[in-house]
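What follows is a short report on a single structure.
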There are 2 protein chains.
Amino acid sequence: MTQTDAKPAASGRRESRKMSRTHAALLEALLPLLEEKAFEQITVREITARAGVGYATFFRRYPDKEALLHDLAAQEIQNLLTMTLPIFHTADTTASTEALCAYVWKHRKLWRALLTGGAAATLKEEYLRLALLVAEEQMDTDAWLPVDLAVRFCVTALVETLSWWLKHDAPPDVHVMAGIVNRLAVQPVFLPAD
Amino acid sequence: MTQTDAKPAASGRRESRKMSRTHAALLEALLPLLEEKAFEQITVREITARAGVGYATFFRRYPDKEALLHDLAAQEIQNLLTMTLPIFHTADTTASTEALCAYVWKHRKLWRALLTGGAAATLKEEYLRLALLVAEEQMDTDAWLPVDLAVRFCVTALVETLSWWLKHDAPPDVHVMAGIVNRLAVQPVFLPAD
DNA sequence: CATAAAATGATATACTGTGTATCATATTTG
DNA sequence: CAAATATGATACACAGTATATCATTTTATG
């Protein structure tokens, strides 16, 4: 994910091997650190030390820690969103939900780091931002529930249930988890009956 | 809330008038700051400046910012939890949910500051901590949903919907909001039918 | 292969914020 | 009034961020 274009630098200039190595080293250094501690208390020094890269070099590529996290997560978030959207266009939401859970489970090492550390809040915000963009046009819930609240609820419930899943000691299998996600995060939005 | 026992200091020693004034000044200084910006980017210097209190004096009472926030919010969180619990012991959850929303609306100035700033995460954690303590004994959901996940979901959904409510420009009235909260945060846990 | 361009490492520096220590002053308590 | 103590002001050590500089290494190019 994101081997290229970390810092497009305006004009399309290629990334030398050296830059690529530095780039990859920083990305690969963050992941294990996210498994160890919360994102907020990871220092740039730790990242650069683990990456085997000079401290100042970090700021030549990223303006701050958050940019590195975004670079690491952006593509994965987009993927997850792409798998989330079909849920709201199908009569039977079960299949889509199960596909979503299967995807997360397949990439659970990455998602565990992204969701169970202190990075979760940042991740959720970015996810929410993208989701709200496509919500107005694509998603239509019943009038009793404002669309923006519906999106917020779904994303929040999804992130919460998934992070519970990924940090659980004896996690339910994909099918069972999909059922839970469906009932907690999806169905409530589509059950308008009073 | 919490005029007394901010720092029990082991042996029960009374709090002089001077201490009380300092104590109250700090608590009352945090609230307006929370309405202005996220908790993380509020500095101790700002708090003490607004409280009209020396910088070092802050650390004589609280070990850090978080302790002050906790002191400010602890009682309110307990109150909210007390109003939340009945929801899970009644057949008709509507009445309890409505009482909860009415309470939050009545204290909306405080809760808006607590939930819509960067303090929300800390608040939610504390709320969750207390809720999990009483969950095992009091709350019983259907077997398909692990109790700890049920509690996490409810608290998360509750905090999310309430903070949406409090930061909304034209917020729904208490009755309508109670209906939304009921459907999004409460019912999903109690609708076991497949 | 030689040379210019570019990225890096190492280091110094400015800055912000935290938390502690000290001491003179003001206030409370007995 | 006198002792105890809370406060204000200040200095300080410390950690982390972000920038700047320059010598060195690597890469690109003729």
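The values are calculated or read from the model by the stated rules, or taken from the named source; none is laboratory data. Small disclaimer: the values here were computed from a predicted structure and weren't measured. Glycine also receives a Cβ, built like all others from the backbone with ideal geometry; neighbour counts cover every protein chain displayed.
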Restricted to the range A:142-194, and to residues that are at the interface with chain B (Cβ under 10 Å from one of its Cβ atoms) and basic (Lys, Arg), which residue is nearest to residue B:189 (Cα to Cα)? A:183
What about residue B:50, is it surrounded by 14 or more Cβ atoms within 10 Å (Cβ to Cβ) and in contact with a Lys or Arg (Cβ under 9 Å, 6 or more places away or on another chain)? no
Residue count for the range A:116-127, restricted to those that are assigned to a helix (DSSP H, G or I) and within 19 Å of residue B:155 (Cα to Cα): 5
Can you find a residue in the range A:27-37 that is in contact with a Lys or Arg (Cβ under 6 Å, 6 or more places away or on another chain) and either assigned by TED's automatic domain parsing to the domain that holds residue A:177 or within 16 Å of DNA strand C (Cβ to nearest atom) (or both)? yes
Residue check: is residue B:60 at pLDDT 90 or above, within 12 Å of DNA strand C (Cβ to nearest atom), in a helix (DSSP H, G or I) and surrounded by fewer than 13 Cβ atoms within 10 Å (Cβ to Cβ)? yes
Take residue A:67 and decide whether it is under 16 Å from the mean Cα position of the chain (by Cα), among the small types (Gly, Ala, Ser) and within 12 Å of DNA strand D (Cβ to nearest atom). yes
Cβ-Cβ under 6 Å pairs, at least 6 apart or on other chains, the range A:65-87 side closer than 11 Å to residue A:130 by Cα, far side assigned to a helix (DSSP H, G or I): A:77/A:126; A:77/A:127; A:81/A:130
If I filter the range B:108-119 down to residues being surrounded by fewer than 21 Cβ atoms within 10 Å (Cβ to Cβ) and not basic (Lys, Arg), which single residue comes out as modelled with the highest pLDDT? B:110
Over the range A:44-59, the set of residues more than 19 Å from residue A:20 (Cβ to Cβ) and near DNA strand D (Cβ under 6 Å from one of its atoms) is A:44, A:45
Looking only at residues that are at pLDDT 90 or above and of a type in the set (Ser, Thr, Tyr) in the range A:85-107, which one is surrounded by the most Cβ atoms within 10 Å (Cβ to Cβ)? A:97
Out of curiosity, is residue A:153 modelled with pLDDT under 95, of a type outside the set (Val, Ile, Thr) and either at negative phi or not assigned by TED's automatic domain parsing to the domain that holds residue A:108 (or both)? no
Yes/no for residue A:41 being within 14 Å of chain B (Cβ to nearest Cβ) and either within 12 Å of DNA strand D (Cβ to nearest atom) or among the polar types (S, T, N, Q) (or both): yes
